Amino acid sequence: MEEPLCCCEYVDRKGERNHLVACFCDCEDLDEGCERWLTCKSLPPGTLERIADTIADRVRVPWFTGAVKINISLVPPLLLLPVFLHVAALHFLLALVILTCLPMVVLWYYYLTHRRKERTLFFLSLGLFSLGYMYYVFLQEVVPRGHVGYSQVVVLTCGLILMLAALSRAKTDPGYLPSATSNDKSSCQVMDLPSKKVTGSSNGLHGVTTSGATSGRAVNGETKGYSRLSAEEPEGIKKDWCTKCQLVRPARAGHCRLCGRCVRRLDHHCVWINSCVGEQNHQAFILALSFFMLTSLYGIVLTLDTVCRGRTPFVALFYCPGAYSDYSSALSFTCVWYCAIVTAGMGYILLIQLLNISYNVTEREARLALRDNTGRRLLGGLVIDTGQYNRGFLCNWGHFLSLGSPPPQRSAEDIV
Ligand SMILES: [Zn+2]
Ligand SMILES: [Zn+2]
C-alpha cells in the first residue's frame, strides 16, 4: 500500500502524486504554449483546453485526507456579480451596458459548455449567489428606508426558503436508470428501476423488447402507448436501446450526454440545477421555478415601491427619475433590473414547461419531433404537440401530478 497523502498532497488527473507547492511548475502544455507564443507560432489544437484542465486540476485547498479540488467554475459569480452590479449603479449608461452584456456572456458560456458536453457548477453557483446577494441588498438598502413592513419581509423570506427547499428536492435523483457500464458487464442483467428485469446485449434483442415495453407501460400508466409500441416492435427496439448504458430504455426515457446516464421520462438537462429533469424531480423543478417567480416578482414590487414612491411597479421599472440621485437607491434599482431580466428568462422557461405539461410532451420529445418533422407546432411554435401521449388538458396534468408515485397495479404485476 502507498503511504497516505499529507494535507498538501493530491493525486492529479494523470494519476500521479503531486504537491500544492509544485502547482506552478511542470505544465508541459503551458511551456510549449509560451514558447510558441514567443516565437509567434500558432498553438496546436486543444492546447488551451489542456492548460485550462491542468489549472482546474491544481486549484486546491489543503485538507486532512489530501488537498481537495475546488471547482473553479464556482468562483467567477462570487467575485464578478457584486463588482458588476456596483459599477452598474454608478451611472445609468454603465447599467445599460453591463445589464446587456451580462446575459449575453452567460448565454455564450451556456452554449460553450453545451457544445463541450460538460457539467458545470457555474450556473447553479450564479443562480444561488444571485438569490443570496439580491436578498442581502434588499435587507441592507431597501428595508432600512422604512417603507417595507415586517410581515412583507417575512413573506419574502418564506418564499425564498420554499424555493430553496424545492430546489434541493429538484437536485436529487431525476430517475436515473442503472447503467450497465457501471456494473459487471459479463452478467448482462440490468435491473430497471421499477423492479423490472431488462436483459442486456448478448441475450439478443427479443427478450429485451417485451420487458422494455412493459416497463414503459408501467412507468407511464398509458396502455395505448404500450400497444402502439408492440405494434412497431422492431423499430421500437432500435430506438430504445441505449448503446452507452447498454440497456433498453422504457418509453419516454432518454440518455443525457452531460450526465452520461439514461433518465426515466427525460425532459431536459438543466444547467441551472446542474442535473437532469426527469420523472422523479420534474414536479420539484416546476415548484422551484414557480416559487422563484413569485418571490422575485414580490421583491421587485417591494423594492420599486420604495425607490420610486407613488408609481406603479411597471411604470417605475422604465421611468424612475430619482433612482440615480443617491448610490443606495441606484444599487437597489440596478438589482431590480437584474432581477427583472433573470425573472423574464425564468418566466419564459416556466411558460414553456407549463405548456409542455398541458400537452404531455417533454422537451426531449419536442426536440426529436422537430428533427423528424413529426410534431405539430402550436401557439406560434411555443409548444410542439407530438400527439403521442396527449390525453387532454386535465388528464395530462393528472398524469404529471402522479409522476414519481408508483402506479397501484404494478406491484401485483412485478411479483408475477
Ligand atoms: Zn443511456
Ligand atoms: Zn443530465
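Of the set (1) crowded, with 23+ Cβ neighbours inside 10 Å; (2) among the hydrophobic types (A, V, I, L, M, F, W, C); (3) in contact with a helix residue (DSSP H, G or I) (Cβ under 6 Å, 6 or more places away or on another chain), all apply to residue 291 but (1). The residues on offer are 366, 288, 330, 316, and the sole one that is under 24 Å from the mean Cα position of the chain (by Cα) and farther than 22 Å from residue 121 by Cβ is 366. Condition check for residue 125 on (1) touching a Ser or Thr at 6+ places or on another chain (Cβ under 8 Å); (2) under 20 Å from residue 343 (Cα atoms); (3) at pLDDT 90 or above: one failure, at (3). Residues that are buried (at least 24 other Cβ atoms within 10 Å of the Cβ) and more than 8 Å from ligand 2 (Cβ to nearest atom) within the range 255-264 comprise 262, 264, listed in sequence order. Per the listing 325, 405, the residue uniquely modelled with pLDDT under 90, among the hydroxyl-bearing types (Ser, Thr, Tyr), under 30 Å from residue 142 (Cβ atoms) and assigned to a loop (DSSP other than H, G, I, E, B) is 325. Residues satisfying the criterion are present in the range 299-310 (criterion: touching a residue at least 12 places away in the same chain (Cβ under 8 Å), in contact with a His (Cβ under 7 Å, 6 or more places away or on another chain) and among the hydroxyl-bearing types (Ser, Thr, Tyr)).
One residue stands out among those in the range 121-151 that are surrounded by 19 or more Cβ atoms within 10 Å (Cβ to Cβ) and within 16 Å of ligand 2 (Cβ to nearest atom): the one that is farthest from residue 295 (Cα to Cα), which is 122.
Residues are listed down the side, and each one gets a yes or a no for (1) closer than 26 Å to residue 335 by Cβ; (2) in contact with a helix residue (DSSP H, G or I) (Cβ under 9 Å, 6 or more places away or on another chain):
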residue	(1), (2)
51	no, yes
55	no, yes
58	no, yes
64	no, no
75	yes, yes
102	yes, yes
115	no, no
120	yes, yes
125	yes, yes
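The strands (runs of 3 or more DSSP E) found entirely in the range 244-317 that carry 3 or more residues being modelled with pLDDT under 95, within 16 Å of ligand 1 (Cβ to nearest atom) and out of contact with any Pro (no Cβ under 6 Å at 6 or more places or on another chain) are 254-256. Would you pick out the residues in the range 50-94 that are exposed (fewer than 12 other Cβ atoms within 10 Å of the Cβ) and under 23 Å from the mean Cα position of the chain (by Cα)? Across the range 50-94, the qualifying residue is only 79.
Looking only at residues in the range 266-281 that are crowded, with 24+ Cβ neighbours inside 10 Å and not acidic (Asp, Glu), the one that is farthest from ligand 2 (Cβ to nearest atom) is 281.
The values are calculated or read from the model by the stated rules, or taken from the named source; none is laboratory data. Just so we're clear, the structure is a prediction, and the values are computed from it rather than from any experiment. Reconstructed Cβ throughout: ideal geometry from the backbone, glycine too, with neighbour counts over all protein chains shown.
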